[in-house]
1. For region 64-86, state whether one or more residues are in contact (Cβ under 8 Å) with a residue 40 or more places away in the chain, of a type outside the set (Ser, Thr, Tyr), touching a helix residue (DSSP H, G or I) at 6+ places or on another chain (Cβ under 6 Å) and assigned to a loop (DSSP other than H, G, I, E, B).
2. Does region 185-199 contain any residue that is exposed (fewer than 14 other Cβ atoms within 10 Å of the Cβ) and at pLDDT below 85?
3. In region 218-232, which residues are among the small types (Gly, Ala, Ser) and open to solvent by 30 Å² or more (accessible area, probe 1.4 Å)?
4. List the number of the failed condition for ILE103; all other conditions in (1) at pLDDT below 95; (2) under 27 Å from ALA273 (Cβ atoms); (3) crowded, with 16+ Cβ neighbours inside 10 Å hold.
5. Being touching a residue at least 40 places away in the same chain (Cβ under 8 Å) and among the small types (Gly, Ala, Ser) is the filter here; which residues of region 87-110 pass it?
6. Name the residue that is nearest to GLY16 (Cα to Cα), counting only residues in region 216-233 that are in contact with an Asp or Glu (Cβ under 8 Å, 6 or more places away or on another chain) and in a helix (DSSP H, G or I).
7. Can you tell me which residues in region 143-177 are among the hydrophobic types (A, V, I, L, M, F, W, C) and either touching a His at 6+ places or on another chain (Cβ under 7 Å) or buried (at least 17 other Cβ atoms within 10 Å of the Cβ) (or both)?
Amino acid sequence: MITRFAPSPTGPLHLGHAYSALLAYDMAMMNGGEFLLRIEDIDQSRARPHWETQIYEDLDWLGLWWPRPVVLQSEQMSRYETALDTLWRAERLYPCHCSRRDIQDAMSAPQEGTQRLGPDRAIYPGTCTDLPKAHYGEKPRPSAQTLRLRMRSVARLAEKTSAGMGFSFIETGEGPNGETGEVFFTVDELITEVGDIVLARKGMGTSYHLSVVLDDAAQEVSHVIRGQDLFEATKIHVVLQKLLGLPSPKYHHHKLIRDDDGKRLAKRDDARAIAKFRADGKSPEDIRAMVGL
């Protein structure tokens, strides 16, 4: 068993991060496996060295150990570019010229109705989908352009299931609606509930979905331990694994640690930052008790 914890160095780790990291570490250790740490710093406009340093200090204080050197996503760009080239040549991608405001305006138009949300925020309304065919797969791939996955093109990769043509993954934890075991999802669900997600962002060169799939495969991660807020994103990741010929790990989605009002913790919740608990004299055992471990 190989598990991993992959935080972004854009703010302090909080109790939710501690729960996910400790759970991944405990599961690996109980099964004689290995726990990896990866720093997801593809967004260099927000990543900060002092947050990265604090991640190491917080996890070390919690009693976790991981192999060195740590993989930094910002140093893996050639891997992401190779995958994008593969998908571009296969005509799986198309360029998108829409800003977030453009998408918001399109979704709020009277004929579109209420804006629909998916695992990648607003479901793309398809504004650039029907650009001339020459734009898809033209050589070379436009490196400074936002690129989207043409979700309809994955239909022929699907397998016949009891629910129709679709895909599946193994869930050893529990999804937000109690999903566990073999989880099926159809091509129709992907098209209507996920849409044409971004795989390369303008100015960033890649996206979370693409980089996390490639890094998990490169590091031979066997079990992905993460919060239930990423359950729906697993559908995207399974599709990318199929497209790129990568193995699919098992997934273990866990409960979310929430504040007193029931809201999911975010990095702005400094009051629940691990560093603050450390400064206040709490122990690693105290943190485990707080998160139910």
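1. Yes; the residues of region 64-86 include at least one that is in contact (Cβ under 8 Å) with a residue 40 or more places away in the chain, of a type outside the set (Ser, Thr, Tyr), touching a helix residue (DSSP H, G or I) at 6+ places or on another chain (Cβ under 6 Å) and assigned to a loop (DSSP other than H, G, I, E, B).
2. No: region 185-199 contains no residue that is exposed (fewer than 14 other Cβ atoms within 10 Å of the Cβ) and at pLDDT below 85.
3. ALA218, SER222
4. Going through the list (1) at pLDDT below 95; (2) under 27 Å from ALA273 (Cβ atoms); (3) crowded, with 16+ Cβ neighbours inside 10 Å, ILE103 breaks only (2).
5. ALA90
6. If we take residues in region 216-233 being in contact with an Asp or Glu (Cβ under 8 Å, 6 or more places away or on another chain) and in a helix (DSSP H, G or I), then GLN228 is nearest to GLY16 (Cα to Cα).
7. Answer for region 143-177, where residues must be among the hydrophobic types (A, V, I, L, M, F, W, C) and either touching a His at 6+ places or on another chain (Cβ under 7 Å) or buried (at least 17 other Cβ atoms within 10 Å of the Cβ) (or both): LEU147, LEU149, MET151, VAL154, ALA158, PHE167, PHE169.
The values are calculated or read from the model by the stated rules, or taken from the named source; none is laboratory data. Treat the numbers as computed from the prediction; the structure is a model and nothing was measured. FYI the Cβ positions are ideal-geometry reconstructions off the backbone, even for glycines, and counts take in every protein chain you see. With ligands, DNA and RNA removed, areas are computed over all heavy atoms of the protein, side chains included. Shrake-Rupley method; radii C 1.70, N 1.55, O 1.52, S 1.80 Å.
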